[in-house]
Amino acid sequence: MRSNAPTNNRTYQFRKTIPETGRVPNQKATLDWNRILKAAGYRSQFELNIARTLTENKVPFKYEETKFQYIPEPRNYTPDFYLEQSDIFVEAKGHLTKDDRVKMLLVKKQHPKIDIRFVFLRASNKIYKGSKTTYSAWCERHGFIWAEGSIPTDWYKKNGKR
């Protein structure tokens, strides 16, 4: 065989091998997960997990039903969860972008009577690359109550105060 001869597709480098773990990635599971999210109406796995936890704890809630209008341009803000018993709106955030921060400050200023709280996937994330301010520090600076990972059980109660 010559050195510049074309390689055969049946050579070792083209064969599919099973990894040492014995597990083969299953693409169908990813597709099913996306279908579940879409069917349930949740925007992320994080929101779905929060809803699952609320349901398991028998906490009545509504998902994205209430809207608050805010300006300078008339826009609507729709909180993720409304805890009916404690009259709290919960915003689940994986990323807190600059647009989100501006929107939340406008909503808080224009609707001071509503109680909006954040649940972060990871509260120690920085608000932007190179910043020293974390999501949690931003919330504390602007008077928002926050939690990390899931909604604390004391938010379920009538007052919902920390």
Enumeration of residues in the range 95-112 that are outside any helix (DSSP H, G or I) and open to solvent by less than 70 Å² (accessible area, probe 1.4 Å): 96, 97, 111
Mind checking which residues of the range 34-86 are acidic (Asp, Glu) and touching a helix residue (DSSP H, G or I) at 6+ places or on another chain (Cβ under 8 Å)? 80
Could you please let me know if residue 119 is touching a residue at least 40 places away in the same chain (Cβ under 8 Å) and either open to solvent by less than 60 Å² (accessible area, probe 1.4 Å) or not in a loop (DSSP other than H, G, I, E, B) (or both)? yes
Within the range 70-94, which residues are open to solvent by 40 Å² or more (accessible area, probe 1.4 Å) and either small (Gly, Ala, Ser) or in contact (Cβ under 8 Å) with a residue 40 or more places away in the chain (or both)? 85, 87
Can residue 55 be described as open to solvent by 70 Å² or more (accessible area, probe 1.4 Å), outside any loop (DSSP other than H, G, I, E, B) and at pLDDT below 85? no
Tally the residues that are of a type in the set (Gly, Ala, Ser) and over 20 Å from residue 44 (Cβ atoms), restricting the search to the range 70-125. 1
Filter the range 124-156 down to the residues that are assigned to a helix (DSSP H, G or I) and at pLDDT 95 or above, then identify the one that is most open to solvent (accessible area, probe 1.4 Å). 141
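The values are calculated or read from the model by the stated rules, or taken from the named source; none is laboratory data. Bear in mind the structure is a predicted one, so any value in this text is a computation, not a measurement. Here Cβ is always computed from backbone atoms with ideal geometry, including for glycine, and neighbour counts include all displayed protein chains. SASA here: full protein model, heavy atoms, side chains in, ligands and nucleic acids out. Shrake-Rupley method; radii C 1.70, N 1.55, O 1.52, S 1.80 Å.
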